[in-house]
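What follows is one structure encoded as structure tokens, with my remarks underneath.
The values are calculated or read from the model by the stated rules, or taken from the named source; none is laboratory data. Note that the structure is a prediction, hence the values are computed from the model and not measured. Neighbour counts are summed over all protein chains in view; Cβ atoms, including those assigned to glycine, are modelled from backbone coordinates with ideal geometry. Areas reflect the complete protein model, heavy atoms only, side chains present, ligands, DNA and RNA absent. Shrake-Rupley method; radii C 1.70, N 1.55, O 1.52, S 1.80 Å.
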Amino acid sequence: MADRLLTASAANGTVSLVAGITTDLVSETQIRHHLAPTASAAVGRLITGTALLGASLKGREKLTLQIAGDGPLQQLAADAHLEPNGAVGARAYTRNPHIDIPLNARGKFDVSAAVGTGQLQVTKSYEVGQPYQGIVPLETGEIGDDIASYLLNSQQVPSVVALGVLANPGGIVAAGGIIAQLLPGADETTIAALEANAAAMLSVTTQIAEGATCEDLLVAITGTLGLHIFRDFEVAFKCRCTREKVESALLGLGRDELVKIATEQPQTEATCEFCKHTYVLSADEVGELVARFD
Ligand code: ZN
């Protein structure tokens, strides 16, 4: 089944929910970056959480989540935007894609140890005006908890965030998540009910591997809270890099450096760190960039 996101509300509109199946999205990210198992779990959870939050973007808004930690992964980032057809596009990056460490005591990927302690930075850029930026210390480094901590700090609302990536040596088997946020006016028993349901249900990835849809995930976490479905979105790996952006990055090196490159290198390669696409410019093409300074 193709990846989807589904938004909804529950408990008479006092809970806002989004669920997503992101198996293909995480699989494509894993393949493009050659992610080792622990790195794929960390990056997969981050791109899934970012895509889920991306379902609330409007127009040309963009959302970026960056994690800097003292664990071996060091840095990871993901961003989301809306495609012209309304689908959510997302992409991700990590500095150390080869990181693989032993499973934790519960037999799960030890994402917390791979990320370490550090901070989560969330940036939302709007169509006009200054971007919003929020930074929180990492709660556990498990990423779902860290996004919940960010939501509590920035929006003063408790939330339940469940993100998962299930992988075997052949690749990504299932990935997805749920974010349930309390809205003003929510009853205190509602968050307790959501937390109890989240603790009692099978893991998100087990449910997806067994064929659950986004609606099934929302039913599992809301239980008897009364679910009202809003809309569904396609979600896919999309990078916003272009040849023009590569050229402007090269122009940023300055005329002298470009002359040196055009003279010394028969061709220049620049690889996008998010999608791994390599742009190749011939010496003539670099020479044309030099001419723009004249
Ligand atoms: Zn790219």
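Residues are listed down the side, and each one gets a yes or a no for (1) open to solvent by less than 30 Å² (accessible area, probe 1.4 Å); (2) without any contact (Cβ under 8 Å) to a residue 60 or more places away in the chain:
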{"site": "V15", "(1), (2)": "yes, no"}
{"site": "T22", "(1), (2)": "yes, no"}
{"site": "R32", "(1), (2)": "no, no"}
{"site": "L35", "(1), (2)": "yes, no"}
{"site": "A41", "(1), (2)": "yes, no"}
{"site": "G54", "(1), (2)": "yes, no"}
{"site": "D70", "(1), (2)": "no, yes"}
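If the requirement is being in contact with a strand residue (DSSP E or B) (Cβ under 6 Å, 6 or more places away or on another chain) and open to solvent by less than 70 Å² (accessible area, probe 1.4 Å), which of these qualifies: G107, G89?
G89
Just the residues that are of a type in the set (D, E, K, R) and in contact (Cβ under 8 Å) with a residue 40 or more places away in the chain, please, taken from the range 151-207.
Residue satisfying the conditions is D187 alone.
Only residues in the range 73-85 that are buried (at least 24 other Cβ atoms within 10 Å of the Cβ) count as the first member; pair them with residues that are hydroxyl-bearing (S, T, Y) and not in a strand (DSSP E or B), Cβ under 6 angstrom, at least 6 apart or cross-chain, and list the lot.
Within 6 Å, the pairs are A78/T50; A80/T50.
Any idea which of (1) over 23 Å from the mean Cα position of the chain (by Cα); (2) among the small types (G, A, S); (3) assigned to a helix (DSSP H, G or I) is the one A186 doesn't satisfy?
(3)
Within the range 206-220, can one find any residue that is within 16 Å of the ligand (Cβ to nearest atom), open to solvent by 30 Å² or more (accessible area, probe 1.4 Å), of a type in the set (S, T, N, Q) and out of contact with any Ser or Thr (no Cβ under 6 Å at 6 or more places or on another chain)?
To start, the set of residues in the range 206-220 that are within 16 Å of the ligand (Cβ to nearest atom) comprises none.
Checking the range 206-220: not a single residue is within 16 Å of the ligand (Cβ to nearest atom), open to solvent by 30 Å² or more (accessible area, probe 1.4 Å), of a type in the set (S, T, N, Q) and out of contact with any Ser or Thr (no Cβ under 6 Å at 6 or more places or on another chain).
Cβ-Cβ below 6 Å, separation at least six or inter-chain, first residue in the range 224-247 and in contact (Cβ under 8 Å) with a residue 60 or more places away in the chain, second more than 16 Å from the ligand (Cβ to nearest atom) and open to solvent by 40 Å² or more (accessible area, probe 1.4 Å): which pairs?
Taking only residues 6 or more apart or on different chains, the pairs are D232/R4.
Per-residue answers, yes or no, for (1) within 30 Å of I31 (Cβ to Cβ); (2) in a helix (DSSP H, G or I); (3) of a type outside the set (K, R):
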| site | (1), (2), (3) |
| --- | --- |
| A192 | no, yes, yes |
| D216 | yes, yes, yes |
| V219 | no, yes, yes |
| L225 | no, no, yes |
| H228 | no, no, yes |
| V235 | yes, no, yes |
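Does I135 count as part of a helix (DSSP H, G or I), in the same structural domain as Q75 (by TED's automatic domain parsing) and in contact with a helix residue (DSSP H, G or I) (Cβ under 9 Å, 6 or more places away or on another chain)? Before the answer, list the steps.
Values: part of a helix (DSSP H, G or I): no; in the same structural domain as Q75 (by TED's automatic domain parsing): yes; in contact with a helix residue (DSSP H, G or I) (Cβ under 9 Å, 6 or more places away or on another chain): yes.
It is false that I135 is part of a helix (DSSP H, G or I), in the same structural domain as Q75 (by TED's automatic domain parsing) and in contact with a helix residue (DSSP H, G or I) (Cβ under 9 Å, 6 or more places away or on another chain).
Are any residues in the range 234-253 modelled with pLDDT under 95 and away from the ligand (no atom under 16 Å from the Cβ), and if so, which ones?
L251, G252, L253
For V246, only one of the following conditions fails: (1) in a loop (DSSP other than H, G, I, E, B); (2) more than 30 Å from L163 (Cβ to Cβ). What is its number?
All conditions are met except number (1).
L138 passes all but one of (1) in contact (Cβ under 8 Å) with a residue 24 or more places away in the chain; (2) open to solvent by 70 Å² or more (accessible area, probe 1.4 Å); which number fails?
Against the list (1) in contact (Cβ under 8 Å) with a residue 24 or more places away in the chain; (2) open to solvent by 70 Å² or more (accessible area, probe 1.4 Å), L138 comes up short only on (2).
I'm checking my understanding of the structure. Among residues of the range 254-294 that are surrounded by 13 or more Cβ atoms within 10 Å (Cβ to Cβ) and in a loop (DSSP other than H, G, I, E, B), which one is farthest from the ligand (Cβ to nearest atom)?
Checking each candidate, the answer is Q265.
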